[in-house]
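These notes are about the structure you will find just below.
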Amino acid sequence: MPLLEAAGISKIFGKLTALDGAALTVGENEFHGLIGPNGSGKSTLMKCIAGAEVPTQGKVSFVNTDITAFTPTERARAGMSLKFQITSVLPSLTLYDNILLALQAQSSLLDLVFSRTRGALHDQVMTMLTQFRLADRAFDAAAALSHGQQQWLEIAMALAGKPKLLLLDEPTGGMSLEERRVTGELLQPIKQHCSLVIVEHDLDFIRDICDRLTVLDQGKVLASGTVPEIQANTSVQEIYLRRA
Amino acid sequence: MSKSMSAVKQAIPAELGGETDVAMTERVAIAQAVAGRKVLPVVEGVVLVAALLAPLVLQDYLTVFATRVVILALFALSFDLVWGYAGIMSFGQALFFGSAGYGVALLARDLDITNIFLVLPAGTLIGLTFALLLGGFLLLGRHPSSVIFVSLGTLTGSYAADRLARGWYYLGGQNGIPSISSMTLGGYEFSEGPAFYYLVLGILIVVYLLCRFLVRSQFGLALAGLRENEQRIAFFGYKAQHLKAIIFAIGGAIAGLAGSLYAFHEGFVWPNMVGVVVSTQVVLYVLFGGSGTLIGAVIGTVIVEGVSFWLSDNYRDIWPIILGVLLLLVILFRPLGLISFVLGERERVGSFSAKRKEKRNAAP
Amino acid sequence: MFDRQLSRRRFLSNFAFASGAVATGVGSWVIPAPWANAAEAPIKVGIATDLTGPIAYAGNADANVAKMVIKDINTAGGLLGRPLELYIEDTASNESVAVGNVRKLIQRDKVDMVLGGITSSMRNAIKDPIVARGKTLYIYPQLYEGKECTPFLFCTGPTPAQQCDEFIPWLIKNGGKKFALPSANYVWPHTLNVYARKVIESNGGEVVFEEYYPLDQIDFSSTVNRIISNKVDVVFNTVIPPGVGPFFKQLYEAGFLKNGGRLACVYYDENTLNINQANEIEGLASCLDYFKVLTKENPFDAKIQAAYEKDFPGNFLFAAGSAATGTYRGLKLWEAAVKEAGKIDRESVAAALDHAKIAEGPGGPAEMVPGKRHCKMKMYTAVAKGGNYEIVGRSDGLVDPKEC
Amino acid sequence: MANAFVAAFEILSFGAIIVLIVLGLGIIASMMGIFNFAQGEFVLLGAYITYLAYAKGLPIWAGMVAAPFLVGALGFVLEALIIRRFYAAPIVAMLGTYALGLIIRESVRGLIGGFYLTVPEPIGGSIDIGTMHISAWRFTIIVITLLVMVGCYLLLSRTSFGLRMRATLENPSLARASGISTPLMYGATFAFGSALAGLAGALIVPVFSLSADLGIRFLIQGFVAVMVGGVGSFIGPVAGAGVIGTLSAALPWIMAPVVADVLVFVLAIAFIKFRPQGLIAGKGV
């Protein structure tokens, strides 16, 4: 069984059909790229999977459970994690607290009130920060970071809860080339315990890290397969040519 | 204009979204300027000493006035917890304050119960129960309620309660319940004066310390996150609405405690006490002092009540207008309250790290 | 110095001036005694009334009356050879503010007596700080629902008995037997209606309905409809502003007056006449202890009315419904009591006030009913004609308040 | 039969009054996302201007015509000076406009000395149909309310002004890119909403007499109406106001007025909880 299976997903906003029977299947420990031209429905599909939008039609299964009607909180507790397209770190909190907040999400109320997990989580916080090269800024407000660093912080936060599936919406947006390279390096190690769905415009980046790709066009799946398969697909080349 | 605009945004971090603009750079500047300097404990200490000494230097009737202010400060604390820390706009905080006041007034009137160990817990419980009911209704559910819905919902709740109290003859209708007997401890009666003052001051200090513990705990961190970006917190897997309902209920309990003290101190309860007027008043206290800092709520209460007391003495005809103008000025130019003159943003938000010492070492 | 020509404007500027003294702790509105060389300390009179808020027009009139009376007493040599000092505090139509300010009178200024409060809820709120906790004499000057029997609390305004006993038979004779009692939902109308119903029924009248509305209700279509369709003769109204204006207008527009209906409203005085156009309340009947039109027949009324208007020209009228007459009466009765007692402590003054009398007051003489702490007075029935009142009935002697 | 007709008319006329008062509130809430706590005071100002005209011996209708323009102008100035700073934060807007309302209300209270003052109707008396009497002025209010509603609808849906207004409020940056002066449009919208409140005040003052609390009396009712109807469109709040106004006027016919009064609010909040988008969902006119 695949880890995530979304089938027949439609989403209609008023008169606009954003998704029209789209589907996505992701296996365990698989890095899956979601690509397509602007307005093809990539972000909407991500949101429907993460629970930020409720699909008009269709079904989402995750670890053999139908989660279509789950709230974002319930999805997160089932092991799904999302990094938004627009960075949404908590700007006036320190980096340390941002990570701590993500780590303690499933602590019980009493643990929270009496801060029972605070000491135990300290090492984990510092490990995460070190891993994402942010340790020296641990006690700065998140707002003080550069845009790229904020993206890393958010990826770190998304990974903090040890998710089974991580959804990344344009992680390299606004990054320099060097920052993109580092982002790729930072993502590689997580493959051992986590699957990844990634929406990205930077095709080189996608090609470098993904195992499989799904191409959306006008709310429908145009093609799905391994990276070489997709690269060889003529209709995919066509839409990207059309865009150029 | 951009300056005050960004300042307004700072007051409402939950609505900031993820923008990067002037506000952020400003905030950073403040953060860096203040890092390593601890102002808050100093402010708290000064207020505590002033409060302890007050009855010694004040005339009798001013001690009675100060008692009232301390009770209202307790009430302000309840609102600050809900709005300043969790970002829930409760325009109906008086509902819990007043219903507890009515509750203990009825206990005293109909059942002759005035023992402090019965009436104060009873009032607290009434506030808690009403807050659980209203908060549960407004905040819980499959979809998170909008900020506007919660604020107008609480406002309407308080308004409807006010009208119910006015219409309900058992509660004394428009006249309220007068001449409530004094609160007792065995044979001792708490009548207005220094003893009552130190009683409520003691309660305020205990509640303040509890709140301080709460907002600095990991629970407080979750609230801070909630205030900044509720959606983000929900996506981490927090039961955000439950957290909000819990802090709302705690706020209601504290408001109830304050309301029962108020009823016994003033000796009467009347419909305004559950209504929009008192609900708005508590918003003013916290706004003036500075939301999101516990001491700001206390300072705001003292300032607003003190200024009103003075203005109503000397500029009686126009004091509501002056109050309105002052309020508008604070909202426009000091949205973080008067405390922001001495307290930086960084310290206001605070840090929840396990080893606080590292903070100073790591700060640039 | 207390200037004869002191206008409201001057008072305001006095205020601003007085604020300079705030740092030393002097805050409230003090009118110092006129002589500095008095042998003894002045007697302190406290007034707590609604100077701001929705019924400020009444409170300001009461404060003005107090200034006038205190000035007269001082001009005549004071009381017991001592001057009087007046302390005025605002109750702001806000019970919470009021209690704080009344405490100022009691605890800071240590006044010897407090007069004031207009609404029943205000009296309820401040009586405890004055009488029980403050151990001070309290005079309540407004017409009200009765049943206030607190020791050391004296009432100098009309009670339901005084307003109904002669008025309702007159209404039955000059209106009809079918009464409707539309009322604002608070204590005064509830209690007054109990009494009114008794009088109506014992005089052969009938109450078609008695109904209560929120105080700020402003739409009365269902009520008006019931009045019209039940062919009610007399609307005995206890709806108060802001509802009363729209209510009377809707009644008028529905043809109630045109069909010969009679409006009755026992708190209506010269202030409230302006709420409606004159034609909408033509023939409205009221029963009070004083109407301005009495100045034509009573020289004493003419004198105080003229004195008041000279000192306080403007909008705050000397009228019965706003407790101005009760304030006058209360202060004068208290003066008589202090003179008789020869001292100023609460017990002695209360003992004398218990049976105090004045030969002249607004509307005529007045005397306290011994042991009852309420006041006998003359009562007048008047109807509105073209925006003015016309006296159509007067009590033979002093009417008993029948309280306590 | 006659009774039912009178009842229907009275309920309708009160509904129309609430609609009139909520129109401006609804436009500002829907189009700008601001819950204007000073709206009641704009109503009050409209009433006060009408009273002033009457007191100065001018014809009453002159005051009624002037009121919306003067209040609208004030709204425009206030938007530019104060309201503009609140767009990012709706809660702060509530508090700021509350302060503004307090200032206006207490100033007017000072000016009118706390009295209740009467203003006669330009069209007085009643329309008699057989034994029934119908207030001529209330009937006029119904007619004017209908005209204003239709006028607003046409203005927002059919004119280029309305189009630009909606474009600006829905997507300011796109509107700016299309050459629309967005600050001007914001100012104009707020002024328009204020002017409607001024008109409402002018028309209702003969019915309810003038006092400083005239406007605030309707404020919470107005907010509830907007929420019930649905924020986001012009027609939503109008529908909500119709429902709330009719309900408030109709319930006292069948139950104790004191109970009816509280019940309206309880019903409304419960309705909003279970249908947060309101009666009429979505954006548009």
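Observations, loosely collected:
- Scanning the range D:268-277 for residues that are in contact (Cβ under 8 Å) with a residue 40 or more places away in the chain, more than 8 Å from every other protein chain (Cβ to nearest Cβ) and outside any helix (DSSP H, G or I) turns up at least one hit.
- Qualifying position, being open to solvent by 50 Å² or more (accessible area, probe 1.4 Å), away from chain C (no Cβ under 13 Å) and touching a Lys or Arg at 6+ places or on another chain (Cβ under 8 Å), among B:137, B:130: B:137
- Residue in the range A:115-131 that is touching a Leu at 6+ places or on another chain (Cβ under 9 Å), of a type in the set (S, T, N, Q) and more than 10 Å from every other protein chain (Cβ to nearest Cβ) present: yes
- Of note, residue B:327 satisfies the criterion of being surrounded by 20 or more Cβ atoms within 10 Å (Cβ to Cβ), of a type outside the set (Ser, Thr, Tyr) and either under 23 Å from residue D:112 (Cβ atoms) or at the interface with another protein chain (Cβ under 7 Å from one of its Cβ atoms) (or both).
- Residue check, residue C:247 buried (at least 21 other Cβ atoms within 10 Å of the Cβ) and in contact with a Lys or Arg (Cβ under 9 Å, 6 or more places away or on another chain): no
- For the range C:198-237, a tally of residues being open to solvent by 40 Å² or more (accessible area, probe 1.4 Å) and under 30 Å from the mean Cα position of the chain (by Cα) returns 8.
- Counting only helices (runs of 4 or more DSSP H) that fall entirely inside the range B:145-235 and contain at least 2 residues that are crowded, with 19+ Cβ neighbours inside 10 Å and within 14 Å of chain C (Cβ to nearest Cβ), the qualifying elements are B:147-167, B:194-215.
- Test: residue in the range A:215-238 that is within 14 Å of chain B (Cβ to nearest Cβ) and either at pLDDT 85 or above or surrounded by fewer than 21 Cβ atoms within 10 Å (Cβ to Cβ) (or both): no
- All of D:93, D:67, D:80, D:62 fail the test of being open to solvent by 40 Å² or more (accessible area, probe 1.4 Å) and of a type in the set (Gly, Ala, Ser), apart from D:80.
- Pairs with Cβ under 7 Å, 6+ apart, first in the range A:61-89 and more than 12 Å from residue A:166 (Cα to Cα) and at the interface with chain B (Cβ under 8 Å from one of its Cβ atoms), second surrounded by 18 or more Cβ atoms within 10 Å (Cβ to Cβ) and basic (Lys, Arg): A:73/B:239; A:88/B:232
This table checks each residue for (1) touching a residue at least 60 places away in the same chain (Cβ under 8 Å); (2) in contact with a Lys or Arg (Cβ under 9 Å, 6 or more places away or on another chain); (3) closer than 19 Å to residue B:156 by Cβ.
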| position | (1), (2), (3) |
| --- | --- |
| D:200 | yes, no, no |
| D:209 | yes, yes, no |
| D:213 | yes, yes, yes |
| D:217 | yes, no, yes |
| D:224 | no, no, yes |
| D:227 | no, no, yes |
| D:238 | yes, no, no |
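- Number of positions in the range A:28-46 that are within 14 Å of residue A:4 (Cα to Cα) and open to solvent by 20 Å² or more (accessible area, probe 1.4 Å): 3
- Qualifying residue in the range C:331-340 (condition: without any contact (Cβ under 8 Å) to a residue 40 or more places away in the chain and open to solvent by less than 20 Å² (accessible area, probe 1.4 Å)): yes
- There is no residue in the range A:40-47 that is modelled with pLDDT under 85, under 15 Å from the mean Cα position of the chain (by Cα) and within 14 Å of chain B (Cβ to nearest Cβ).
- Residue D:69 within 12 Å of another protein chain (Cβ to nearest Cβ), part of a helix (DSSP H, G or I) and within 21 Å of the chain's Cα centre (by Cα): no
- Test: residue D:106 is in a loop (DSSP other than H, G, I, E, B) and either within 14 Å of chain C (Cβ to nearest Cβ) or open to solvent by less than 30 Å² (accessible area, probe 1.4 Å) (or both): no
- Residue count for the range A:136-161 under the criterion of being more than 9 Å from chain B (Cβ to nearest Cβ) and free of Cβ contacts under 8 Å to residues at least 40 places away in the same chain: the result is 4.
- Verdict on residue D:47 being crowded, with 24+ Cβ neighbours inside 10 Å and within 14 Å of chain C (Cβ to nearest Cβ): yes
- Residues that are in contact with a strand residue (DSSP E or B) (Cβ under 6 Å, 6 or more places away or on another chain) and open to solvent by 10 Å² or more (accessible area, probe 1.4 Å) within the range A:54-65 comprise A:55, A:56, A:57, A:58, A:59, A:61, listed in sequence order.
- Options D:178, D:157; residue that is modelled with pLDDT under 85 and either more than 10 Å from chain C (Cβ to nearest Cβ) or in contact with a Ser or Thr (Cβ under 7 Å, 6 or more places away or on another chain) (or both): D:178
- Every residue from the range C:251-266 that is within 13 Å of chain D (Cβ to nearest Cβ) and either closer than 30 Å to residue C:314 by Cα or surrounded by 24 or more Cβ atoms within 10 Å (Cβ to Cβ) (or both): C:251, C:252, C:253, C:254
- Residue pairs whose Cβ atoms lie under 9 Å apart, sitting 6 or more positions apart in sequence or on different chains, and linking a residue in the range C:268-280 that is touching a residue at least 60 places away in the same chain (Cβ under 8 Å) to a partner that is open to solvent by 30 Å² or more (accessible area, probe 1.4 Å) and among the small types (Gly, Ala, Ser), are C:273/C:387; C:278/C:386; C:278/C:387.
- Boolean, residue B:247 is out of contact with any Pro (no Cβ under 6 Å at 6 or more places or on another chain) and open to solvent by 10 Å² or more (accessible area, probe 1.4 Å): no
- Residues considered: B:307, B:276, B:282. Of these, the only one that is open to solvent by less than 20 Å² (accessible area, probe 1.4 Å) and of a type outside the set (Gly, Ala, Ser) is B:282.
- Selection count where residues are at negative phi, in contact with a helix residue (DSSP H, G or I) (Cβ under 7 Å, 6 or more places away or on another chain) and more than 7 Å from chain C (Cβ to nearest Cβ), scope the range D:114-131: 7
- Set D:58, D:20: member being in a helix (DSSP H, G or I) and not β-branched (Val, Ile, Thr): D:20
The values are calculated or read from the model by the stated rules, or taken from the named source; none is laboratory data. Computed from a predicted structure; not experimentally measured. Cβ atoms come from the backbone with ideal geometry, glycine included; neighbour counts cover every protein chain shown. In case anyone asks, the SASA skips ligands and DNA or RNA and just uses the protein heavy atoms, side chains included. Shrake-Rupley method; radii C 1.70, N 1.55, O 1.52, S 1.80 Å.
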